[in-house]
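Below is one structure, written out as structure tokens, with a few remarks after it.
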Amino acid sequence: MTTDTTAHLPIGVFDSGVGGLTVLRALRRALPAEDFLYLGDTARLPYGTKSGATVARYALQTTRVLVDIGVKLLVVACNTASSVALPGLNQAYPGLPVTGVIEPGAAAACEAAPRGRIAVIATGGTVRGAAYQAAILRRLPEATIATRSAQLFVSLAEEGWIDGAIVTDIARRYLDPLMAEFPDTGPDCLVLGCTHFPVLAQAIREVLPAGVCCIDSAETTAQCVADELAARGLLRPRGNGAGTVKFFATDDPERFARVGEIFLGEPLSAADVTLVDL
């Protein structure tokens, strides 16, 4: 396949559910001419409570669906999968560029941490794997890092419960002990280490100390993808109009569409979502 032909293929994006739509949203802003395929593995979410071996296997299965349709680059829009599955994906598909969300998120955190004080909330799987710690310390060896699993945030986001007293109270339960690990003025930034978490950002910010910024890896990931495509000569030529998106889910397209609207920031119909069986 020639580079010119490959450039017209879509970009593949997958996540355990609808959280990765925050990444897709940023990708579409950064690359408006590109086509996308998005697959949410909603039948098997959440990934954050599964073992690393299981998540790596799931990632290979979801990627196979996208590769069989045809993609020029894969975005692993799931922090848990990014922490454990990239080596297996690179081995299985050596010719396919693969971008995760942890490295871009870690880079953004380091840039936002002049004192090197970084807090991370993520799923249990991502925290156990220590992927953010490793990625941050490679860039900023003197960094002070504290992490905490906030698994319940995933359930809240998937239910569309993104604000209100209950959400704020849960955010306080998670974040107060984490902030206490940074005496005096707290951390420089808080990494939202799960793609579900940005929709809860308002509630999270309400309980953060003043001056602590939130890091969402979506924008940085989108820029990394744009740079990778440009370097490989795979950017879709402009002038063909706006790109398209095709959505796939492994369970309940109606629920995917209903909750997905919150993450995508625009209307989404169940008729737009194709059910696939892995």
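The values are calculated or read from the model by the stated rules, or taken from the named source; none is laboratory data. On a predicted model such as this, the values are computed, not experimentally measured, just so you know. Note: ideal-geometry Cβ built from the backbone for every residue, glycine included; neighbour counts use all protein chains shown.
The table for this structure:
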{"read-out": "First in the range 4-30 and closer than 20 Å to Gly241 by Cβ, second anywhere and surrounded by fewer than 20 Cβ atoms within 10 Å (Cβ to Cβ) and small (Gly, Ala, Ser), Cβ under 6 Å, 6 or more apart", "value": "Leu9/Gly70; Arg25/Gly265; Ala30/Ala226"}
{"read-out": "Residue list for the range 214-237, filter: within 18 Å of the chain's Cα centre (by Cα) and not in a helix (DSSP H, G or I)", "value": "Cys214, Ile215, Asp216"}
{"read-out": "Odd one out for Ser155, checked against (1) modelled with pLDDT under 95; (2) buried (at least 19 other Cβ atoms within 10 Å of the Cβ); (3) within 22 Å of Gly48 (Cβ to Cβ)", "value": "(2)"}
{"read-out": "Unique residue being touching a Pro at 6+ places or on another chain (Cβ under 6 Å) and crowded, with 23+ Cβ neighbours inside 10 Å when the list is Thr22, Thr42", "value": "Thr22"}
{"read-out": "Some residue of the range 239-255 being in the same structural domain as Ile11 (by TED's automatic domain parsing), among the basic types (Lys, Arg) and out of contact with any helix residue (DSSP H, G or I) (no Cβ under 9 Å at 6 or more places or on another chain)", "value": "no"}
{"read-out": "Residues of the range 116-132 satisfying the condition of being of a type in the set (D, E, K, R) and either in contact with a Cys (Cβ under 9 Å, 6 or more places away or on another chain) or crowded, with 24+ Cβ neighbours inside 10 Å (or both)", "value": "Arg117"}
{"read-out": "Test result for Ala113, surrounded by fewer than 20 Cβ atoms within 10 Å (Cβ to Cβ) and out of contact with any helix residue (DSSP H, G or I) (no Cβ under 7 Å at 6 or more places or on another chain)", "value": "no"}
{"read-out": "Scan of the range 128-161 for residues that are touching a residue at least 24 places away in the same chain (Cβ under 8 Å), in a helix (DSSP H, G or I) and among the hydrophobic types (A, V, I, L, M, F, W, C), ordered by number", "value": "Ala131, Ala135, Ile136, Phe153, Val154, Leu156, Ala157"}
{"read-out": "The range 255-278, subset touching a strand residue (DSSP E or B) at 6+ places or on another chain (Cβ under 8 Å) and over 21 Å from Val98 (Cβ atoms), residue surrounded by the most Cβ atoms within 10 Å (Cβ to Cβ)", "value": "Gly260"}
{"read-out": "Test result for Arg205, buried (at least 18 other Cβ atoms within 10 Å of the Cβ), more than 23 Å from Pro46 (Cα to Cα) and either touching a residue at least 12 places away in the same chain (Cβ under 8 Å) or not small (Gly, Ala, Ser) (or both)", "value": "no"}
{"read-out": "Total residues in the range 168-197, condition buried (at least 22 other Cβ atoms within 10 Å of the Cβ), within 22 Å of Phe263 (Cα to Cα) and not aliphatic (A, V, I, L, M)", "value": "5"}
{"read-out": "Selection within the range 2-20 - modelled with pLDDT under 95 and among the acidic types (Asp, Glu)", "value": "Asp4"}
{"read-out": "Helices (runs of 4 or more DSSP H) enclosed by the range 25-120 - at least 1 residues per element that are within 12 Å of the chain's Cα centre (by Cα) and acidic (Asp, Glu)", "value": "102-111"}
